[in-house]
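Before any comments, here is the structure.
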Amino acid sequence: MKKKKLIRNVLLVAVVLGIGAAIYGYKEFNRKSESITSKAADFKVKPLDIITAFTDDEKAATLKYGGKIIQVAGLVKKVDKDEQGNFTVVIGDNSSLSSVRCSIDSLFSKDVTALQLNAPAFLKGVCTGFNADEMGLGSDVILNRCVIVKD
Amino acid sequence: MKKIVFLISITLFTGAVSAQDKYFTKTGKIHFDATTPKSPESIDGVNKSSICVVDTKTGNIQFSLLMKGFEFERALMQEHFNENYVESNKYPKTEFKGTITNNTAVNYSKDGVYPVKVKGKLSMHGETKDIEADGKLTVKGGKISANADFPVTLADFKVTIPSLVADKVAKIAKITVDCQLEPLK
């Protein structure tokens, strides 16, 4: 009798664990990339600082900033819009060709209209890396899935 | 006097019809698709921050993109792509340097659709291979659209597909290029 109860309890625990694992597996498999609005920035930088970090030592800067959430504070140089309506906000100094290019999360495209050229802005995004100036276009630090921070 | 007028006219005329030398974009779209017919879901991602530069005089064409810039629908797929397949921490960038072999057939000053053949070297995941592709350049209103589709054999670039997912992830990925280029001033 005791043995039967033990076997039953063990099976029950195994089933519960199994269901738990299946739910976790399903959720993890279908996990979408979260919006970073609610996530804290790993680094808060000015455009010149992060551009200099990459220009001086690209490997070290990629290790430090790559895949991390970066909040950048600077002047809006330009706002690009592509054929599909995706915005890229270019932050930096007008005297330099180099910038931080912030590809805006499409869910927050409407926030871009509030930005003004040559006015300060705070943007937060995931750093995908650095494009060194090899083609005479200036160097760029690229941030993806960016949101505008109301700081 | 007539000579001066003639010379001025020629200069203005040449200025009016000649195209810019270089065209570029920093928001080019590159789509990566490694879906197999057996796959229950699409294995594809898109990079919307690719750089493309075309030199209309020489036909030189260059692309540069950051691998971390590829966005996938599922976060897990994006993580696997970066960590296991393309190892983007080790090899952050993919570059293509080549030429439009039939560049003389493209009239960059005249609106139209021009089929092109592109040949060059693709560097990805630490490997460099020769690539040939067919595409088209659409000249309209002083801007150029560059479009192409071409296959990339992942094994050529030492991108290994685990046997567990071999029937879901294609050995040959389809790359789609869609770039809107503007004159470089």
**Request:** Would you work out which of B:122, B:52, B:92 lies farthest towards the positive end of the dipole of segment B:20-183? Charges go on Cβ: Lys and Arg +1, Asp and Glu -1.
**Result:** B:52
**Complete:** Under the 7 Å Cα-to-Cβ spin-label approximation, residue A:95 and residue A:110 lie apart by a distance in nanometres of 4.0
**Prompt:** Based on the Cβ-Cβ distance of residue B:158 and residue B:41, what FRET efficiency does E = 1/(1 + (r/R0)^6) give at R0 = 35 Å, to the nearest 0.05?
**Reply:** 0.85
**Request:** Compute the long axis of helix A:47-56 from its Cα atoms, compare it with the longest principal axis of the Cα atoms of chain A, and write down the angle in degrees, 0 to 90, nearest 10.
**Result:** 80
**Request:** Starting from the Cα gyration tensor of chain A, multiply each eigenvalue by 5, take the square root, and state the resulting semi-axes largest first in whole Å.
**Result:** 46, 18, 13
**Complete:** Here segment A:33-41 yields Karplus 3J(HN,Hα) values (6.51, -1.76, 1.60; θ = phi - 60°; whole Hz; Gly and Pro given as x) of 5, 6, 5, 8, 3, 8, 8, 6, 6
**Per-residue [θ]222 nm for the protein assembly as shown (sum of -39500 (n - 2.57) over DSSP H runs n ≥ 4, rounded to 500)** = -6500 deg cm²/dmol
**Prompt:** What is the Cα coordinate range of segment B:134-185 on the first, second and third principal axes, sorted by size from largest, in whole angstrom?
**Reply:** 50, 19, 15
**Item:** In sequence order, calculated HN-Hα J values of segment B:48-57 (Karplus, 6.51, -1.76, 1.60; Hz; x Gly/Pro)
**Value:** 9, 10, 7, 9, 9, 10, 10, 9, 5, 6
**Request:** Let me know the charge dipole size of segment A:43-148 about its Cα centre in debye, to the nearest 20, where only the beta-carbon of Lys, Arg (+1) and Asp, Glu (-1) is charged.
**Result:** 420
**Item:** Between helix A:2-30 and chain A: long-axis angle, C-alpha atoms, 0 to 90°, nearest 10
**Value:** 20
**Prompt:** For the protein assembly as shown, what is the convex hull volume of the alpha-carbon atoms per residue, in Å³?
**Reply:** 186
**Complete:** With bins of 5 Å, the percent of all Cα-Cα pairs of chain B per bin from 0 is 1, 8, 14, 19, 16, 12, 9, 7, 4, 3, 2, 2, 1, 1, 0, 0, 0
**Unsatisfied cross-links (Cα-Cα over 29 Å) in the set B:93/B:185; B:57/B:171; A:32/B:171** = B:57/B:171
**Message:** How tilted is helix B:2-17 with respect to the longest principal axis of chain B? Cα atoms for both, answer in degrees (0 to 90, nearest 10).
**Reply:** 10
**Item:** Calculated FRET value between residue A:64 and residue A:16, using beta carbons and R₀ = 45 Å, to 0.05
**Value:** 0.55
**Request:** Amide H neighbours of residue B:102 under 5 Å, at least 5 residues apart or on other chains, H built in the peptide plane: list them.
**Result:** B:117
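Every number here is computed from the coordinates shown, using simple stated rules; none is lab data. Bear in mind the structure is a predicted one, so any value in this text is a computation, not a measurement. In this analysis, Cβ positions are derived from the backbone assuming ideal geometry, glycine residues included, and neighbour counts consider all displayed protein chains.
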